[in-house]
1. Is there any pair linking a residue in the range 6-18 that is in a helix (DSSP H, G or I) to one that is among the β-branched types (Val, Ile, Thr) and modelled with pLDDT of 75 or more, with Cβ under 8 Å and at least six apart or on different chains, and which?
2. Are there any pairs, at least 6 apart or on different chains, whose C-beta atoms fall under 6 Å, with the first in the range 63-74 and closer than 15 Å to Ser87 by Cα and the second part of a loop (DSSP other than H, G, I, E, B), and if so, which?
3. Taking the condition in contact (Cβ under 8 Å) with a residue 12 or more places away in the chain, within 27 Å of Leu12 (Cβ to Cβ) and over 13 Å from the mean Cα position of the chain (by Cα), does Phe33 pass?
4. What are the pairs, 6+ residues apart or on separate chains, where a residue within the range 88-99 that is without any contact (Cβ under 8 Å) to a residue 40 or more places away in the chain has its Cβ under 7 Å from a residue that is outside any helix (DSSP H, G or I) and exposed (fewer than 10 other Cβ atoms within 10 Å of the Cβ)?
5. Within the range 57-69, can one find any residue that is hydroxyl-bearing (Ser, Thr, Tyr) and not assigned by TED's automatic domain parsing to the domain that holds His88?
6. So if I check each of Arg22, Arg53, which one is among the basic types (Lys, Arg) and either within 13 Å of the chain's Cα centre (by Cα) or outside the structural domain of Asp10 (by TED's automatic domain parsing) (or both)?
7. Inside the range 47-99, can you point out the residues that are of a type in the set (A, V, I, L, M) and at pLDDT 85 or above?
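The values are calculated or read from the model by the stated rules, or taken from the named source; none is laboratory data. Since we're looking at a predicted model, the values are computed, not measured. Every residue, glycine among them, receives a Cβ derived from its backbone with ideal geometry; neighbour counts consider all protein chains shown.
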Amino acid sequence: MVNSSHKMRDTLPEFQKYMLDRKLVAENKTTFFAYWVVRFLSYAKRHKYSTERTYLQWAERFFAYIAETGGKQVDAATAEDVRDFLSHLALEQRVSAST
């Protein structure tokens, strides 16, 4: 039986290297993000391309918001950051709640 942490380390190794090379996340968080990318991609396969693009655009907006408002890395984002981002969208960007 293969150790689950060993399996996680082997998840998308090129993607993990990409994140580390560009200092997008802390080294101890790369396997976590690779795992969620795999989950997202498996979800996206069941949905239309336009839906996938929309999700990616929202993720990019959130990453940009985190960088602009707190100057922190994405892996340091908290539930409060998500709440503030959603409030920012609703109040300042006038994004509908149904979006």
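1. Sorted first by the residue in the range 6-18, then by its partner, the pairs are Met8/Thr31; Arg9/Thr31; Phe15/Val37; Gln16/Thr30; Gln16/Thr31.
2. Hits for this filter: Ile66/Ala77.
3. Details: in contact (Cβ under 8 Å) with a residue 12 or more places away in the chain: yes; within 27 Å of Leu12 (Cβ to Cβ): yes; over 13 Å from the mean Cα position of the chain (by Cα): no.
Here the answer is no, as Phe33 does not meet what is asked.
4. Pairs found: Ala90/Ala97.
5. Step one: of the range 57-69, the residues hydroxyl-bearing (Ser, Thr, Tyr) are 65, 69.
Right, trim to not assigned by TED's automatic domain parsing to the domain that holds His88 and you get none.
Among the residues of the range 57-69, not one is hydroxyl-bearing (Ser, Thr, Tyr) and not assigned by TED's automatic domain parsing to the domain that holds His88, which makes the answer no.
6. On the way: Arg22 fails: either within 13 Å of the chain's Cα centre (by Cα) or outside the structural domain of Asp10 (by TED's automatic domain parsing) (or both).
Result of the check over Arg22, Arg53: Arg53.
7. Ala59, Ala64, Ile66, Ala67, Ala79, Val82, Leu86, Leu89, Ala90, Leu91
Okay, residues lined up against (1) at negative phi; (2) of a type in the set (Val, Ile, Thr); (3) surrounded by 14 or more Cβ atoms within 10 Å (Cβ to Cβ):
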site	(1), (2), (3)
Phe15	yes, no, yes
Met19	yes, no, yes
Leu24	yes, no, yes
Lys45	yes, no, no
Tyr65	yes, no, yes
Glu68	yes, no, no
Val74	yes, yes, yes
Glu80	yes, no, no
